[in-house]
Amino acid sequence: MTQSKRISRRQFNTAIAGLGAASALAPFGIARAASKLKVGVLLPRSSYEALIGQSCQLGADLAPAVLKSMLGVDIEIMNADTESNVNTARTRAERLIHEGAHVLVGAFDSGQTAAIAQVAEQRGVPLVVNIAAAPQITEQGYKYVFRNFPTAIDLVRNGLSLIGDLFQATGVEARTAVFMHVNDTFGQAMTGGIMKTLPHLKQLKFKIVDTIAYDPAAKDLSVEVSRAKAANADFLLLVCRLNDSIVLRRDMVKQRWHPMGVVDPGSPGIYEEQFAKSLGKYANYVVDNPPWYNPKGALTGMVEEAFRKRNPGEKFVYHGLNAGYTFEAIMIAADAFRRAGSTDPKALADAIRATDIDKRVMLGGPIKFNAKGQVEGNLSACVQILDGVPKVVLPEYAAEAKPVFPWPEYKKA
Amino acid sequence: MSASLVANVVISGLLTGLVYGLMALGLSVIFGVVRVVNFAHGEMMTVAMYAAVLLFGAFKLDPILAALPVAAVFFVIGYALQAGLINPFITRPEHSQFILLVAVATIITNVMLMVFGPDAHSVQTDYQLDSWAIGQIIVDKSRVYAALCALGTTAGLFAFFRFSRTGTAIRACADNHLGALIVGLDVKHLYALTFGLGAACVAVAGCMMTLLVEVAPSVGPSYTLLGFVIVIVGGLGSMPGALLGGVLIGVSEAMAGLFIDPSAKSMFSFALLIVVLLFRPQGLLGRRT
Amino acid sequence: MRARLLLAALGAGLIALPQFSGNYVLSLATLALYFAFTGQAWNVMMGFAGQLSLGHSLFVGLGAYAAAALFVKFGIGPWAGLWLAMAICVAAGAAIGLLAFRFGISGVYFALLTIAFAEFTRIGFDHIGWLGGPGGLFLKVGQRTSWDLADLRGTPAMFYYVMLALTAGAFALCAWLLKSRAGYYWQAIREDEDAARALGINTFRWKLLAVAISAAMTSLAGVFFAFYYNNLFPEQIFHISQSIEIILGPIVGGVGTLFGPILGAVLLTTLADSLTNLVAAMGLDIPGVKQVFYGVILLLVIMFLPNGIWPPIAKRLGLGRKD
């Protein structure tokens, strides 16, 4: 290696450090003029959770224009990448506040959201959680943290009762189920919820004959599927993520397992674009009950139109959940800003606490926060893949199609 | 727990294990000869997977056929990587090698994220979801093809190392670096050749993998870990060892998944690794150096 | 003498930092010190005794869960909890060391062994429902306006000072260790273990001691982590990426040196953050760009400064070979 002239490492690093230090020690942006609301959006845009993070980002990107026409307020979005990492999430949150963010929105992952929540509470800057299901986030007695997303407990309850609705709507008597779940946060919450609530939900008459937990990082699920098939249950109750849902469904086909259907009480994966793309016709008739957007919602048309204009290559249906909740979080901030008339964080927090919005994109009652800062009325939809596209089949008032259960390839063994 | 269930699981574990073995083959060759800890192994395979997906998307080229051109390209890249970047690190301490390859892995992963986005991609061949039914036993077509490819590649590589002059020369370098130098072998060239071969193996494995799983920028690290477990268990520098290690891991994980808790089956592999490291660090088919 | 003066100046600067910086810089500084401390702890095993551990997240995680479990389940504060954390980590480290050294495992094999133990534990903790399993263990967050050192609840400045104290303590401990008998034996073992054994040094015992000390120190980082972030997930805290982050600082700064790990951690933390800001300022809102830059810089450093950044700086500062 020849030593030619170049900036020494020390000089380079010092310069970079100086850059960082200088910008950090710059005077805090004092201008709190009530003209523009600065919203700091924290999402995992790289590393493991990048897919969903970037999906959420689409909702943030379209928000300023839509909210300007809707509420007449000016919003500036400040983006930050948590890099799917709790250390980074915390420092980025601090940085956004330092750069003058009046309100924070984020962050999809429960661990990162919890870290950001602490920063927000500490600094007295409101945080509106777009997506994160861990119940603890709104159990800390925080005054500045608000969440417009169902907790894991709500998700389980909504998802399970929708299964009952599905059976009722299709007149099916499913007596047994084999329960497969990914062993991660959501899978675990679901398992606990199912074990607790299933005996009490009288309209759900099926019994779980076998429970199979699998590793989210598993590349090969043939053993798990073999086991599940051997349980000879009526249908498969599945809690999964995108990658394993595809591998699993493929193995079901390869092993020629044709239950009445695959029903998911609400995990991600099934309604994502890659699921239908990878599986082709085998994606059809799979059912998922996630918190979803209302296709007939008051704001849905406007948001969907804005989405289509900005992202001509993407279909809204695959991003409705992530982008929709992210949009709503920013909408909550904008609406509070309009009512408070100032960007003072305490005024904003008080205004957010008094939120009452009934024109929404997402399914559920009006956006109203309870004493813990949690919205209680968010609902899930029964979504079924039909013709390669996720369609809402229940509740009926939001339905785009009729549910199909059992699915056509079911053969009575 | 019926006999056919167990049989199905064992066969499935066997086939999967052969594919894992193919994946670890490249690592074994590189590690066994050049003694470099290639922590970018999984990422290299991810790039190969993307290549196969791209070729399929553009030309409808079946991944099995794509393996040849992709392997050729990877051979060249591997050669260049070893000769250009990694060679000075052979004599450096392990932690330096490790950081070098971690840096390479980081760069690869994030370039892929920038270029391809975070979405998962896959191929959709016609036979991808087909299977053969032999009585109660159901055998997955794609896995069989991939397994056959693994066997073929291993056999070819084995023959190369056993019977060709260059192969013998490479083995000489691995056995006795100083001796090889004394005898006048161009060690640097041979190391680069080996790395190229290892990279080509990784490329073939990657193409096969696209028949079975999706590719996304972040799938690399788990393959690296798996590769190391297999290589250690099977034996450093032993090609049949890589396959054997793969099969062992595949079948034992399958059994663990069947009789114990599937979500804990990886624990089993790591436990196996620990046991092998302690009691037989040269692995099952490796030679004690 | 010169070294002492510089050190005192640095120390004074670090102590005064919260006075003239905002919470943002403080959070960065705390993070940098966290990695300086864990890097220093790792350095005891690697830089002093020559044992490459790629599974140090094991000790962070065990320490964190031990202290957190005591707090959440039994209401026992971190000052008592840290003793359990250290005990568990020393036991774990000793077990690994015992097995490895007894069977003559070293080099890359030892590194892989540490990875295997960390991964095994990660998946294991995913299955311990009592500790939250994959859903995580959450500590109830308390007030953050005044210092409550007893339960480690308080302002960012408090956490900064706790981490500063830990790092300073680690520095002092390592300085003392290097000059002690242990330090000399470790150097002998690192240079040539067979020769050391031939000289009659009980290499087994001294290597084990290095592992135990390293594990105990790292466990304290875990305790801090638990009370600073207030949530623990096996997937995050035992993950191999944590192990990698821990060792980047010392390797970039200078393995085996006293100041290397600290310098490396500070530089890397500052670099990572500055790159993010730089990339944003350049208008490149593309996820992944910053990590590519980071990887390239890491590559360049490891290629051209194989012994780390500190040794050439130390020479320029006239601080001699040992420090």
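The values are calculated or read from the model by the stated rules, or taken from the named source; none is laboratory data. Treat the numbers as computed from the prediction; the structure is a model and nothing was measured. A quick note on method: Cβ atoms are made from the backbone with ideal geometry, for glycine too, and the neighbour counts reach across all protein chains shown.
When we screen C:Ala95, C:Ala91, C:Ala116 for residues that are over 23 Å from A:Gln136 (Cα atoms) and within 9 Å of chain B (Cβ to nearest Cβ), the only hit is C:Ala116. Every test in (1) among the aliphatic types (A, V, I, L, M); (2) touching a helix residue (DSSP H, G or I) at 6+ places or on another chain (Cβ under 7 Å); (3) surrounded by fewer than 19 Cβ atoms within 10 Å (Cβ to Cβ) is passed by A:Ala298 save one, and that test is (2). All of B:Thr210, B:Thr224 fail the test of being in contact with a Gly (Cβ under 6 Å, 6 or more places away or on another chain) and within 14 Å of chain A (Cβ to nearest Cβ), apart from B:Thr224. Consider the stretch B:264-289 and keep the residues that are among the charged types (D, E, K, R) and part of a loop (DSSP other than H, G, I, E, B). The one that is surrounded by the most Cβ atoms within 10 Å (Cβ to Cβ) is B:Arg280.
Is it the case that some residue within the stretch A:145-160 is more than 19 Å from the chain's Cα centre (by Cα) and either more than 14 Å from chain B (Cβ to nearest Cβ) or on the phi < 0 side of the Ramachandran plot (or both)? No, the conditions are met nowhere in the stretch A:145-160. Screening A:Ser69 on (1) surrounded by fewer than 21 Cβ atoms within 10 Å (Cβ to Cβ); (2) in contact with a Ser or Thr (Cβ under 9 Å, 6 or more places away or on another chain) shows it passes everything except condition (2).
Selection of the stretch C:71-81 for residues being surrounded by fewer than 21 Cβ atoms within 10 Å (Cβ to Cβ) and either assigned to a helix (DSSP H, G or I) or among the hydroxyl-bearing types (Ser, Thr, Tyr) (or both) yields C:Val72, C:Lys73, C:Phe74, C:Trp79, C:Ala80. Counting residues in the stretch C:200-211 that are at pLDDT below 90 and farther than 29 Å from C:Leu84 by Cα gives one or more. Is one or more of the residues making up the stretch A:164-184 among the small types (Gly, Ala, Ser), in contact (Cβ under 8 Å) with a residue 24 or more places away in the chain and within 14 Å of another protein chain (Cβ to nearest Cβ)? No: the stretch A:164-184 contains no residue that is among the small types (Gly, Ala, Ser), in contact (Cβ under 8 Å) with a residue 24 or more places away in the chain and within 14 Å of another protein chain (Cβ to nearest Cβ).
If a residue must be within 14 Å of chain A (Cβ to nearest Cβ), part of a helix (DSSP H, G or I) and surrounded by fewer than 21 Cβ atoms within 10 Å (Cβ to Cβ), how many such residues does the stretch B:239-263 contain? The total comes to 4. For the stretch C:228-260, filtered to residues that are away from chain A (no Cβ under 11 Å) and in contact with a Lys or Arg (Cβ under 9 Å, 6 or more places away or on another chain), the residue that is surrounded by the most Cβ atoms within 10 Å (Cβ to Cβ) is C:Phe238. Pairs are defined by a Cβ separation below 9 Å, a sequence spacing of at least 6 or placement on different chains, a first member in the stretch A:241-258 that is at positive phi, and a second member that is part of a helix (DSSP H, G or I); the pairs so defined are A:Arg256/A:Lys229. Looking at the structure I just gave you, is C:Thr167 among the polar types (S, T, N, Q), within 27 Å of C:Leu70 (Cα to Cα) and in a helix (DSSP H, G or I)? For C:Thr167, the condition - among the polar types (S, T, N, Q), within 27 Å of C:Leu70 (Cα to Cα) and in a helix (DSSP H, G or I) - is met.
In the set B:Leu178, B:Leu185, only one residue is away from chain A (no Cβ under 14 Å), at pLDDT below 85 and in a loop (DSSP other than H, G, I, E, B); that residue is B:Leu185. So which pairs qualify, if the first residue must be in the stretch A:195-223 and facing another protein chain (nearest Cβ under 10 Å) and closer than 16 Å to A:Leu237 by Cβ, the second must be among the hydrophobic types (A, V, I, L, M, F, W, C) and in a helix (DSSP H, G or I), the Cβ gap must be under 7 Å, and the two must be at least 6 apart or on different chains? Matching pairs, first to second residue: A:Ile212/A:Ala228; A:Leu221/A:Val247; A:Leu221/A:Leu248.
Considering only residues that are small (Gly, Ala, Ser) and away from chain B (no Cβ under 11 Å), look in the stretch A:238-296 and name the one that is nearest to B:Ser263 (Cα to Cα). My answer is A:Ser267.
Taken over the stretch B:113-137, residues that are under 17 Å from A:Ile52 (Cα atoms), among the small types (Gly, Ala, Ser) and within 7 Å of another protein chain (Cβ to nearest Cβ) amount to 1. Considering C:Ala116, C:Ala111, C:Ala95, the condition of being in contact with a helix residue (DSSP H, G or I) (Cβ under 9 Å, 6 or more places away or on another chain) and either under 14 Å from C:Ile237 (Cβ atoms) or surrounded by fewer than 18 Cβ atoms within 10 Å (Cβ to Cβ) (or both) is satisfied by C:Ala95 alone. Note on the stretch C:261-291: among residues that are more than 10 Å from chain A (Cβ to nearest Cβ) and within 24 Å of A:Glu49 (Cα to Cα), the one that is surrounded by the fewest Cβ atoms within 10 Å (Cβ to Cβ) is C:Gly283.
Once the stretch C:122-138 is narrowed to residues that are within 26 Å of A:Glu94 (Cβ to Cβ) and surrounded by 22 or more Cβ atoms within 10 Å (Cβ to Cβ), the residue that is farthest from the other protein chains (Cβ to nearest Cβ) is C:Leu137. Only residues that are at pLDDT 90 or above, under 14 Å from C:Leu232 (Cα atoms) and at the interface with another protein chain (Cβ under 7 Å from one of its Cβ atoms) were counted across the stretch A:81-114, and they come to 1. With respect to the conditions (1) modelled with pLDDT under 90; (2) within 24 Å of B:Leu225 (Cα to Cα), C:Gly132 falls short on a single one, namely (2). Scan the stretch A:368-376 and tell me whether some residue there is of a type in the set (S, T, N, Q), without any contact (Cβ under 8 Å) to a residue 12 or more places away in the chain and assigned to a loop (DSSP other than H, G, I, E, B). Checking the stretch A:368-376: at least one residue is of a type in the set (S, T, N, Q), without any contact (Cβ under 8 Å) to a residue 12 or more places away in the chain and assigned to a loop (DSSP other than H, G, I, E, B).
Give the residue that is modelled with the highest pLDDT, with candidates limited to residues of the stretch C:139-186 that are buried (at least 17 other Cβ atoms within 10 Å of the Cβ) and among the polar types (S, T, N, Q). Selected residue: C:Thr167.
Can you pull out the residues in the stretch B:68-112 that are aliphatic (A, V, I, L, M), more than 9 Å from chain C (Cβ to nearest Cβ) and farther than 20 Å from B:Phe228 by Cβ? Answer for the stretch B:68-112, where residues must be aliphatic (A, V, I, L, M), more than 9 Å from chain C (Cβ to nearest Cβ) and farther than 20 Å from B:Phe228 by Cβ: B:Leu68, B:Val70, B:Ala71, B:Ala72, B:Val73, B:Val76, B:Ile77, B:Ala80, B:Ala83.
Condition test on B:Leu212, is it assigned to a loop (DSSP other than H, G, I, E, B), in contact (Cβ under 8 Å) with a residue 12 or more places away in the chain and not hydroxyl-bearing (Ser, Thr, Tyr)? Against the criterion (assigned to a loop (DSSP other than H, G, I, E, B), in contact (Cβ under 8 Å) with a residue 12 or more places away in the chain and not hydroxyl-bearing (Ser, Thr, Tyr)), B:Leu212 qualifies. Within the set C:Gly77, C:Gly50, C:Gly55, C:Gly63, the sole residue that is closer than 25 Å to C:Lys179 by Cα and either β-branched (Val, Ile, Thr) or touching a residue at least 24 places away in the same chain (Cβ under 8 Å) (or both) turns out to be C:Gly50. Scanning the stretch A:247-264 for residues that are at pLDDT 90 or above and within 25 Å of C:Gly135 (Cβ to Cβ) turns up A:Leu248, A:Val262, A:Val263, A:Asp264.
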